[in-house]
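Novice: Can you keep this structure in mind? I'll have questions shortly.
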Amino acid sequence: MKVLWIFAHPEQRSLNASLRDEGLRALTEQGHEYRLSDLYAMNWNPVVSREDYALDPDERLKVAGASATALTEGRLSPDILAEQEKLIWADAVVLQFPLWWYGMPAILKGWFDRVFTKGFGYGITDSGGKVLRYGEGTLAGKRALAVLTVGGRESAFGPRGVNGDIQHTLFPLQHGTFWYAGLAPLPPLVFYSADRMGEAEYSTAAKELRRRIETLGTTEPVPFRTQNGGDYDEDLVLKPELAAGRTGPDVHLG
Ligand SMILES: Cc1cc2nc3c(=O)[nH]c(=O)nc-3n(C[C@H](O)[C@H](O)[C@H](O)COP(=O)(O)O)c2cc1C
């Protein structure tokens with residue numbers, strides 16, 4: 001498989017960097033090809049500029065003052081295009097980060113903000129004008145695995161844990177970003193109590209990471225419902241007979 005590994009951690013001596021190296025070694029040993037986007041090492045610019053935004057096809061002609069060359073040629077900035085090209089190349093994406101304030105580090109959020117542009121990550125329609133999202137779109141057919149470390153213990157991220165259910169914390173990424181853009185999200189790989197990992201725990205974590213890489217191509221994706229598969233009505237509301245009487249993020253699991 002061709003794997004794009006996106007890594008967001010500022011410190012090369014961190015737990016995250018060790019796990020990344022372990023994961024990349026496993027990919028090579030298992031005969032996969034990979035490309036790495038190490039966002040801090042690349043000095044990735046996470047802030048959508050007025051010009052980036054203006055390059056949204058519908059908007060670009062309306063904005064005065066943006067670079068004339070970019071506007072007339074309709075080109076996206078080269079750093080955005082390079083990431084889009086890597087995504088097109090890949091069969092699977094591994095997204096690795098430490099959980100910071102219930103979400104991804106800003107540099108990684110800004111990777112999505114800038115790379116998932118209109119016509120690429122969203123705003124795609126078929127010839128009949130139907131909007132392709134939630135399971136359909138440019139990236140459909142590719143898989144995505146989130147690998148994250150968290151400070152909290154596993155129980156505290158359980159269904160009644162004080163931090164809330166980790167599956168709900170990750171809903172905006174798994175459903176609102178990966179699945180929205182067509183990527184099939186795999187069950188996330190979460191390393192808990194990451195600030196208190198000793199050698200034994202690290203060795204278990206490394207084995208688990210290797211196992212998840214071995215099964216990257218075969219693990220069943222999270223069974224989110226497709227938007228256009230008949231489960232939602234014309235207002236994009238789940239039909240009443242499905243997950244009857246229930247609300248919340250879990251109703252979108254088929
Ligand atoms: C800015 C910041 C915010 C954090 N927010 C959370 C959080 O919301 N939930 C949590 O469980 N841990 C949180 N942590 C702990 C980190 O997830 C933890 O330190 C990290 O995963 C350990 O991996 P590392 O040693 O590679 O950085 C936070 C840490 C930092 C620095």
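Novice: Could you check how many residues of the range 151-167 are free of Cβ contacts under 8 Å to residues at least 40 places away in the same chain and either part of a helix (DSSP H, G or I) or buried (at least 21 other Cβ atoms within 10 Å of the Cβ) (or both)?
Specialist: 4
Novice: State all residues of the range 1-32 that are in contact with a helix residue (DSSP H, G or I) (Cβ under 8 Å, 6 or more places away or on another chain), among the charged types (D, E, K, R) and more than 16 Å from the ligand (Cβ to nearest atom); if no residue qualifies, say none.
Specialist: Within the range 1-32, just Lys2 meets the criteria.
Novice: Quick check on the range 223-244. Is at least one of its residues at pLDDT 95 or above, more than 17 Å from the chain's Cα centre (by Cα) and not in a loop (DSSP other than H, G, I, E, B)?
Specialist: Yes, that holds for at least one residue.
Novice: Which one is nearest to Pro188 (Cα to Cα), of the residues in the range 205-218 that are without any contact (Cβ under 8 Å) to a residue 60 or more places away in the chain and not in a helix (DSSP H, G or I)?
Specialist: Going through the qualifying residues, I end up with Thr215.
Novice: Quick one: which of Leu148, Leu170, Leu139, Leu95 is closer than 19 Å to Asp250 by Cα, surrounded by 14 or more Cβ atoms within 10 Å (Cβ to Cβ) and within 13 Å of the chain's Cα centre (by Cα)?
Specialist: Leu170
The values are calculated or read from the model by the stated rules, or taken from the named source; none is laboratory data. These numbers were taken from a predicted model, which means no experiment stands behind them. As a convention, Cβ positions derive from the backbone with ideal geometry for all residues, glycine included, and neighbour counts pool all protein chains shown.
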